[in-house]
Amino acid sequence: MSFERVIGMESKTLPVMQGDYQLRDYEQTAKDFKWSEAEKEFSWHETGLINIAHEAVDRHANSYRKNKVALFYKDANRKETYTFHEMKRMSNKAANVLRNHSSLDKGDRLFVFMPRSPELYFAILGALKMGTIVGPLFEAFMEGAVFDRLSDSEAKAVVTTPELVSRIPIDKLPHLKTIFLVGDNIEEDSKFIDFNKHLKEASPYFQVEWLERESPTLLHYTSGSTGKPKGVLHVQEAMVQQLQTAKWVMDLKDEDVFWCTADPGWVTGTAYGIFGPMLAGATSLILGGRFSTDSWYESIQEYGVTVWYSAPTAFRMLMGAGAGPLEKYDLSSLRHILSVGEPLNPEVIRWGMEVFNLRIHDTWWMTETGAQTICNFGSLPIKPGSMGKPVPGIEAAIVDDRGQILRPNQMGNLAIKKGWPAMMRQIWNNPEKYDSYFLNNEWYVSGDSAYMDEDGYFFFQGRVDDVIMTSGERVGPFEVESKLLEHPAIVEAGVIGKPDPVRGEIIKAFIALHEGYEPSEELADAIKQFVKKELAAHAAPREIEFKDKLPKTRSGKIMRRVLKAWELNLPVGDLSTMED
Ligand code: ATP
Ligand code: MG
């Protein structure tokens, strides 16, 4: 099979913007940097003893950052502020509650299953102080999804709310001994514990468990875009990379107010919703509740957010809301914007330049990598359509199916040299699956397809399984989708390969239209012509189907496997992470 890239996304490079970025000289740093240097900030560099919650919270509470705001929290009903000192006290209290009212021990699994609230963060940090493994569950999970994850991991305890507890099939989970309920007027018995009541009474002192760098911390189930979610186990050492990327990629400094929009149910919401910024001693904003254009813009203004980490699906929604809401708010505090989770379409970057006068920096990584791995940096030019270059210390390459490194511009498997600090250490209960990620015990193979250009920039093409082979040419769905988004009528697009007796596969596009546009055959033809003219004839969809909206995971990723299953009348598989 040929690995040549067949189409290129012509793009205008965006030059570096003014800013005193912490990663000044990318090329030199990429050459010289060793992860062991990044450890020196942590006390365990000398003691060998380690605890991520101590490093994220207590270390700052015991320093000049004691009274600095660690967390601004806001939702429809609550507005609270916690300093590092208060975070230390509250997480200590949470640790005491969890320890005193359950049999949780080091290495046991505790799940958190609740909407964002300060208590959620206290519970996660408190559990980590005990050395308990934390499994975050997204609040929208229904019974089947909750059951799968709690039984697979043999969870011993859950922190949840009275509203959600009915979705935990307690009788079918013999390992589940304790349920902490976060709410008012909780009736307690041997199994159900009133979390808030005990939190109020608990001692603010707690002796953290000192652990090894290989001790487990989080058990994150993946997003389920490509199949049944996998339980990815992370360890303490991940903090080295989380802190270093908070500095180099997020460019977080003491004066920043950082807002990561992700829920802790997904890896972005823990690695960068909690640990990255806290390890760096930065101030974080956490916004509860659902997406709304106005409350998002309003919060940026209200808290003076300077660094903002979100996802293409959110940017596309803001883009779709138009200029009206933008005129109401002052967003001039923003200085650095980043994106993750899905390919960042050049059209979205163009929009970001227009409305914020800032470049949006794409970052590529996955649950399994534990922290950012390929990114656009403040001090490097951006090539729209590219996810950037490897974080210094990370070796990334495009390899073929035998592990041979391919030449620039050849499309193949995006792979990372085994052994970076935040790398997963296990797929829970599934060692075969874990082993299947690694090629020749050397390369971690991501499952994503990409190419690298002459300048070392990586370009995402699609999931390996989604790459389309049409008339002998390989086409990545991302380039076609990005081109489609440039058409004024289109708000969202998902592209799949559909088996075809003559061409192998043909390209089929599922399209959602902007308000004011109606599906029609003329419009479908115009769209096909548009891609033909602007991208390449063979990359133009032969079939177009209009949809009100596309099937997406709750974290906002288009589920192409569902589109494909619908198209081919195949079973759709695990839908636990799909939004309503
Ligand atoms: P599952 O593994 O259960 O199918 P998932 O792969 O979507 O779900 P995550 O680990 O949350 O679960 O997502 C990682 C994937 O998201 C990557 O493999 C990649 O396909 C996609 N992704 C993340 N960031 C980017 C990015 N910047 N550009 C393109 N794709 C991205
Ligand atoms: Mg995946």
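Taken together, the values in this text are just the output of simple stated rules run on the coordinates, not laboratory data. Everything numeric here is computed off the predicted structure, so don't read it as measured data. Ideal geometry is used to build each Cβ from the backbone, glycine not excepted, and the neighbour counts take in all protein chains shown.
The stretch between Thr47 and Thr81 holds 9.0 nm of extra length on full extension. This uses 0.36 nm per residue minus the Cα-Cα distance. Once the C-beta distance of Asp254 and Lys172 is scaled by a Förster radius of 45 Å, the resulting FRET efficiency is 0.40 to the nearest 0.05. Direction-averaged projected area, Cα convex hull, the stretch 51-112: 5.2 nm², rounded to one decimal. In terms of distances greater than 27 angstrom between alpha carbons, the cross-link table entries Lys79/Lys253; Lys93/Lys253; Lys66/Lys129; Lys228/Lys253 yield Lys93/Lys253; Lys228/Lys253. Translational diffusion of the stretch 182-289, estimated by Stokes-Einstein from the Kirkwood radius over alpha carbon pairs at 37 °C in a medium of 0.692 mPa s, is 198 µm² per second. Rounded if a/c is under 1.5, else prolate if a/b beats b/c, else oblate: with a ≥ b ≥ c from the C-alpha gyration tensor eigenvalues square-rooted, which is the stretch 468-568? Verdict is oblate for the stretch 468-568. The alpha carbon convex hull volume per residue for the stretch 39-451 rounds to 140 Å³.
In terms of Cα atoms, the Rg and Dmax of the stretch 48-200 work out to 15.4, 49 Å. At full extension, Asp580 and Asn196 could sit 135.2 nm farther apart than now, given 0.36 nm per residue minus the alpha carbon distance. Let me know the shape class of the stretch 357-421, please: from the alpha-carbon gyration tensor, a ≥ b ≥ c as square roots of the eigenvalues, rounded when a/c is under 1.5, otherwise prolate if a/b is greater than b/c, or oblate. The shape class here is oblate.
When only the Cβ of Lys, Arg, Asp and Glu is charged (+1, +1, -1, -1), the dipole of the chain relative to its Cα centre reaches about 720 debye. For the cross-link pairs Lys433/Lys564; Lys498/Lys532; Lys247/Lys417; Lys68/Lys552; Lys74/Lys247, the ones whose C-alpha atoms lie over 30 Å apart are Lys68/Lys552.
In whole angstrom, note down how far apart the Cα centers of the stretch 422-448 and the stretch 355-371 are. Centre-to-centre distance over Cα atoms comes out at 23 Å. Under the combined filter of DSSP loop state and at most 12 neighbouring Cβ atoms within 10 Å, the stretch 461-567 retains these GluC sites (Glu not before Pro): Glu515. Here r is the Cβ-Cβ distance between Lys106 and Val16 and R0 is 35 Å; the resulting FRET efficiency, rounded to 0.05, is 0.15. Rounded to the nearest 10 degrees, the angle from helix 293-303 to the longest Cα principal axis of the chain is 50 degrees.
Cα to Cα, under 14 Å, and not fewer than 8 places away if on the same chain: which aspartates and glutamates meet these conditions relative to Lys483? By straight Cα distance, Lys483 reaches Glu10, Glu347, Glu492, Glu534.
Annotation for Ile405 and Asn429: the two label points, set 7 Å from Cα along the Cα-Cβ direction, are 4.0 nm apart.
In sequence order, the stretch 532-549 has phi-based couplings of 4, 6, 8, 10, 5, 4, 6, 8, 6, x, 8, 10, 10, 10, 8, 10, 5, 8 Hz under the Karplus curve 6.51 cos²θ - 1.76 cosθ + 1.60, θ = phi - 60°, and Gly or Pro positions carry x. Computed from backbone phi, the HN-Hα couplings of the stretch 186-200 come to 7, 8, 9, 8, 5, 9, 9, 10, 7, 5, 5, 4, 6, 4, 4 Hz, rounded to whole numbers (Karplus: 6.51 cos²θ - 1.76 cosθ + 1.60, θ = phi - 60°; Gly and Pro given as x).
Using the rule -39500 (n - 2.57) for each DSSP H run of four or more residues, divided by the residues of the chain, the 222 nm mean residue ellipticity is -7500 deg cm²/dmol. Angle of helix 118-129 to the longest C-alpha principal axis of the chain, folded into 0 to 90 degrees and rounded to 10: 70°. Over the Cα atoms of the stretch 286-325, the radius of gyration divided by the Kirkwood radius equals 0.93; this is the Rg/Rh ratio. Each DSSP beta bridge with both residues in the chain is either parallel or antiparallel, and the antiparallel ones are about 60%. When the trypsin sites (Lys or Arg not before Pro) in the stretch 163-193 are filtered for DSSP coil states and for at most 13 other beta-carbon atoms within 10 Å of their beta-carbon, the remaining sites are Lys191.
The overall shape of the stretch 299-444 is prolate: from the C-alpha gyration tensor, with semi-axes ordered a ≥ b ≥ c, the ratio a/c is 1.5 or greater and a/b exceeds b/c. Principal-axis analysis of the Cα atoms of the chain puts helix 143-153 at an angle of about 70° to the longest axis. Put simply, the amide H of Gln426, placed in the peptide plane, has neighbours under 5 Å in Leu233, leaving out anything fewer than 5 places away on its chain.
Computed from backbone phi, the HN-Hα couplings of the stretch 326-338 come to 5, 6, 7, 10, 9, 10, 6, 5, 4, 10, 8, 10, 9 Hz, rounded to whole numbers (Karplus: 6.51 cos²θ - 1.76 cosθ + 1.60, θ = phi - 60°; Gly and Pro given as x).
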